[in-house]
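Here is the structure we will look at, set down as structure tokens.
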Amino acid sequence: MCGIVGAVAQREVSEILIEGLKKLEYRGYDSAGVAIVDSEGKLTRVRRLGKVKELADAVEGMQAMGGTGIAHTRWATHGEPSEINAHPHVSADISIVHNGIIENHEPLRELLQQRGYVFKSQTDTEVIAHLVEWELRTSTSLREAVQKAVPQLEGAYGMVALDSRDPSRLVVARSGSPIVIGHGIGENFLASDQLALLNVTRRFTYLEEGDVAEITRREVNIFDLSGNAIERDVIESTVEHDAGSKGKYRHFMQKEIFEQPTALLSALEGRINEDSIVVESIGAGAKEILSKVQHVQIIACGTSYNSGMAARYWFESLAGVSCDVEIASEFRYRDFVVRPNSLLLTLSQSGETADTLAALRLAKEKGYMSAMSICNVSGSSLVRESDLAFMTRAGTEIGVASTKAFTTQLAAMLILVTAIGKEQGTINKQKETEIVHALHSLPAQIEKALAFDKEIAALAPDFADKHHTLFLGRGEYYPIAMEAALKLKEISYIHAEAYAAGELKHGPLALVDADMPVVVVAPNNDLLEKLKSNVEEVRARGGLLYVFADENSGFEACDGMKIISLPHVDPIIAPIFHTVPMQLLSYHIALIKGTDVDQPRNLAKAVTVE
């Protein structure tokens, strides 16, 4: 949440900062701002409510000039979205941008007010600006002032400080919120995501927890918690330069839905042979770890939680290993018991999800046998802090509502399940071959699902005036219904919820009427007849049904029930396949509703705060 860009260069940096913010707007779009200082110490600060375009137009009109600057796009936490709450925040000559939450901002605010500081915003960030300015009064450098301020801050943050009296440098500190430094030639940069800097560099350094860095045109110096100079690796990025472009598509979400066959091919590459799983591809030491796993504890949030719920069925039915799935924000705040030989499995698209990362750190102290992450961002905190990291390789995902992250996570977990079963002898060679052949067919099957785009779009007007939708599924399709409900909520603002279809009679049936569409995920499996009974319960009460059914399931359209007949696919991969029509349905409903598909209200892509 929130995006940061900074630059120290000999050239004008306003365009670099603004273009970087545009790439990061998926992280927050309530307001945006920039502070630029020229070589003579003249500071220009511009802030605007709304999206980065509003800021870009204002900066162009003011002709903000200078070679050193910081910029920020905000997702509001403390204080409503407004120009006065937008970053950068200023205290005398100090300008600050900040991601995260300062948990002790209230006592710090009181202390600083006693010292004579007047607060102009409602934000916790302004506390940092005044605190750094205070510490600078008794410090020899901006870095020293930041290093004095950091121990007084409680919470998660990535922050950058600029002193207009010394435009030759920026000072950045990281605790819980990601910061990456971009190395140029005679110029250096920083951002909360490398995507913001791909126009200017391919060489990056990821700051670790507690790092403070001083950045000038010629040097990047990094210091640990104790103030000791340290070295961090410089990594060459392979991320596509045009990853932030929609191309021929209307929205990033639409693009990412249609990228799923390619993303899945990438996720599978090198992990499966013609008829077997390549266990070594999961990571060094994976064979030994997986052979000992007796229990899997999955921790995740949002879409990743739903994928974990779906994979739980595979862990237990295919590999014969018990599996629990828990929301990270709940897991980290309860007393839990670690089972013998438990694998901790964290799931995250960004690898910076605050609750998931905190849960990982807590769980590592509690004696889990090993910690593994399934993630899409190779340099993320979650990946760096896990024993094993299995990358989904989905490519950059800009749309706030995850799509290809979900399907590639499921593919990765099916590979992991098969690897565990293979190492423990619970999946024999014949079954392994069956699973691998199903995985090989998955990209092509997803292409078939995408071919239903127009047919699904034709259903969208039926939902345009509705305020509620119910999604039903049974077995491993219940989590698919959960993910479908989440997508509809996120981008269309229609209240939606998912239920295991067998639970209808235990309460939700009271809600069913002609104003509440009921969407059913209906594969042809052992629970089909029971699902048909649940469908009849809805029909008998005048509900409007939309059944996404396997072509062999025997459903027939009638009054009050529309059937979308989908091709039969291998039951092993069918949950992944049935996800795609649900994504398309939500997307087209949102189009009809006229909402902001890629940047839905109140949400941001990377949730780096609690």
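Rule-based calculations on the coordinates, nothing more; no lab input. What you see is a predicted model, and the numbers here were worked out from it, not measured in a lab. FYI the Cβ positions are ideal-geometry reconstructions off the backbone, even for glycines, and counts take in every protein chain you see.
Structural remarks
- Between the helical axis of 477-492 and the longest alpha-carbon principal axis of the chain there is an angle of about 50 degrees.
- Rounded to 10°, Cα long-axis angle of helix 52-62 versus longest principal axis of the chain: 30 degrees
- If the segment from ILE185 to ASP166 were pulled out straight at 0.36 nm per residue, it would be longer than the present Cα-Cα gap by 4.8 nm.
- Region 425-501 shape via C-alpha gyration tensor axes, a/c threshold 1.5: oblate
- Distances between every pair of Cα atoms in region 60-210, grouped in 5 Å steps from 0 to the bin holding the largest one, split as 2, 9, 18, 22, 22, 15, 8, 3, 1, 0 percent.
- Of HIS468, HIS506, HIS72, the sequence from fewest to most neighbouring Cβ atoms within 10 angstrom is HIS506, HIS468, HIS72.
- Within region 295-338, backbone nitrogen closer than 13 Å to the virtual label 7 Å beyond the Cα of ASN525 toward Cβ: 309-318
- Pairs spanning more than 29 Å between alpha-carbon atoms, out of LYS255/LYS489; LYS422/LYS530; LYS454/LYS593: LYS422/LYS530.
- In this simple spin-label model, placing a label point 7 Å from the Cα along the Cα-to-Cβ direction at both MET65 and LYS292 gives a separation of 6.5 nm.
- Loop sites in region 328-386: GluC sites (Glu not before Pro), DSSP, at most 14 other Cβ within 10 Å: GLU365
- Listed pairs LYS22/LYS42; LYS53/LYS487; LYS505/LYS532; LYS466/LYS562 exceeding 20 Å between Cα atoms: LYS22/LYS42; LYS53/LYS487
- The long axis of helix 404-424 is offset from the longest Cα principal axis of the chain by roughly 70 degrees.
- Within-14-Å neighbourhood charge of ILE427 [Cβ basis; K, R +1; D, E -1]: -2
- Amide hydrogen proximity for ASN188: with H placed 1.01 Å from N in the peptide plane, the residues at 5 or more positions away or on another chain lying under 5 Å are VAL8.
- The fewest-to-most ranking of HIS87, HIS578, HIS568 by surrounding Cβ atoms within 10 Å reads HIS568, HIS578, HIS87.
- The ranking of VAL13, VAL234, VAL383 by Cβ neighbour count inside 10 Å, starting from the fewest, reads VAL234, VAL383, VAL13.
- Within the straight-line cut-off of under 12 Å between alpha carbons, the aspartates and glutamates reachable from LYS404 are GLU256, GLU259, sequence neighbours fewer than 8 places apart in one chain being disregarded.
- Translational diffusion of the chain, estimated by Stokes-Einstein from the Kirkwood radius over alpha carbon pairs at 25 °C in a medium of 0.890 mPa s, is 96 µm² per second.
- The chain: calculated mean residue ellipticity at 222 nm from DSSP helix runs of at least 4, using -39500 (n - 2.57): -10500 deg cm²/dmol
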